[in-house]
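Okay, handing you the structure first.
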Amino acid sequence: MTPERFDFYDNQQNWLGTAPRTEVHAKGYWHRSFHCWIVRDEGAQRMVLFQRRRDIKDTFPLYYDITAAGHLTAGEQLHEASRELEEELGVQAAFETLTYLLTANQELQGEVRGVPFIDREFSSVYGLCLNQSLEDYILQPSEVHGL
């Protein structure tokens, strides 16, 4: 299996090259990610949906996380990364229907199964209002433990 590759950048978002995911996280290269928070309208309240990450993830296994998120692979454009909604949750939503919220620069580090990582991301954050029951989501077994 070919290792997943990411474009990486300097801290001003100038493209520098591509590298395997493991190298990007081991060396702390800046890379891009897509985040989408799903909100359910329940009358006077709005509820935010979280996913619980699988135990096999290489960063933050079993943590609660963004509804749908993922790294942009080498050469991938932001509008293509909305594929994460369908892959992880079975939600088909055109990129144009998402609401842009912000771009966040985040630097996280940790260790999983004895392997340290440094995760430096330029995260483009979007929102989606979706009044769908939890039972109607189709979870990606390799990524999502639950909602």
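With contacts defined as alpha carbon pairs under 8 Å and 6 or more residues apart, what's the relative contact order of the chain in percent?
29 percent
Let me ask something additional. How much of the accessible area of the chain, probe 1.4 Å, is carbon plus sulfur, in whole percent?
On the way: 4330 of 8480 Å².
C and S atoms contribute 51 percent here.
To check you understand DSSP bridge types, tell me what percent of the beta bridges within the chain (both residues inside) are antiparallel, rounded to 5. Present the calculation step by step, with values, prior to reporting the outcome.
Working: 32 of 42 bridges.
In the chain, approximately 75 percent of DSSP beta bridges are antiparallel ones.
As I understand it, the dipole of the stretch 45-147 uses +1 on the Cβ of Lys and Arg and -1 on the Cβ of Asp and Glu, about the Cα centre. Which of 67, 138, 89 lies farthest toward its positive end?
Selected residue: 67.
In whole Hz, what ³J(HN,Hα) sequence does the stretch 41-50 give by Karplus (6.51, -1.76, 1.60; θ = phi - 60°), x for Gly and Pro?
7, 10, x, 6, 10, 10, 10, 9, 8, 10
Quick one: Karplus J couplings for the stretch 61-72, per residue in order, coefficients 6.51, -1.76, 1.60, θ = phi - 60°, nearest Hz, x for Gly and Pro?
x, 6, 7, 7, 8, 3, 3, 9, 7, x, 7, 7
While we're here: Return the label of the correct value of Rg/Rh (Cα atoms, Kirkwood Rh), as calculated from the structure shown, out of [x] 0.97; [y] 0.95; [z] 1.18.
Answer label, from the structure shown: [x].
Tell me which residues come under 5 Å, amide H to amide H, from residue 28 once H is placed; ignore anything under 5 positions away on its chain.
The answer is 118.
Could you pull out every residue, at least 5 positions away or on a different chain, whose amide H is within less than 5 Å of the one on residue 101? Hs are placed 1.01 Å off N in the peptide plane, and Pro or chain starts have none.
Residues meeting the amide H criterion: 125, 126, 127.
What does the charge count near residue 48 come to, summing +1 for each Lys or Arg and -1 for each Asp or Glu among other residues with Cβ under 13 Å from its Cβ?
-1
Still on this structure, please answer the following. Sorting 147, 85, 101 by accessible area (1.4 Å probe), largest first, what list results?
On the way: 147 60, 85 0, 101 95 Å².
So the residues, ranked largest to smallest area, are 101, 147, 85.
Please turn the phi angles of the stretch 19-34 into ³J(HN,Hα) values with the Karplus equation 6.51 cos²θ - 1.76 cosθ + 1.60 (θ = phi - 60°), one per residue in order, whole Hz, x for glycine and proline.
7, x, 3, 4, 5, 4, 7, 6, 9, x, 6, 5, 8, 9, 9, 10
Heavy atoms only, probe 1.4 angstrom, no DNA, RNA or ligands counted: give me 29, 64, 100 ranked by accessible area, highest first.
Sorted by accessible area, descending: 64, 100, 29.
Please work out, to two decimal places, the log10 of the ratio I(q)/I(0) at q = 0.17 Å⁻¹ from a Debye calculation in which every Cα of the stretch 70-147 carries one identical scatterer.
So the normalised log intensities work out to -0.87.
How many angstrom separate the Cα center of the stretch 4-47 from the Cα center of the stretch 71-100?
12 Å
Sticking with this structure for a sec: Mind pulling the per residue volume of the convex hull built on the Cα atoms of the stretch 1-41? Å³ is fine.
Numbers: hull volume 4.4 nm³, N = 41.
For the stretch 1-41, the hull spanned by Cα atoms encloses 108 Å³ per residue.
To continue, here is another question. Amide H neighbours of residue 18 under 5 Å, counting only residues 5+ apart in sequence or on other chains, H built in-plane at 1.01 Å?
Long-range HN contacts for residue 18: 8.
The values are calculated or read from the model by the stated rules, or taken from the named source; none is laboratory data. A quick note: this is a predicted structure, and the numbers were derived from the prediction, not measured. Every residue, glycine among them, receives a Cβ derived from its backbone with ideal geometry; neighbour counts consider all protein chains shown. SASA here: full protein model, heavy atoms, side chains in, ligands and nucleic acids out. Shrake-Rupley method; radii C 1.70, N 1.55, O 1.52, S 1.80 Å.
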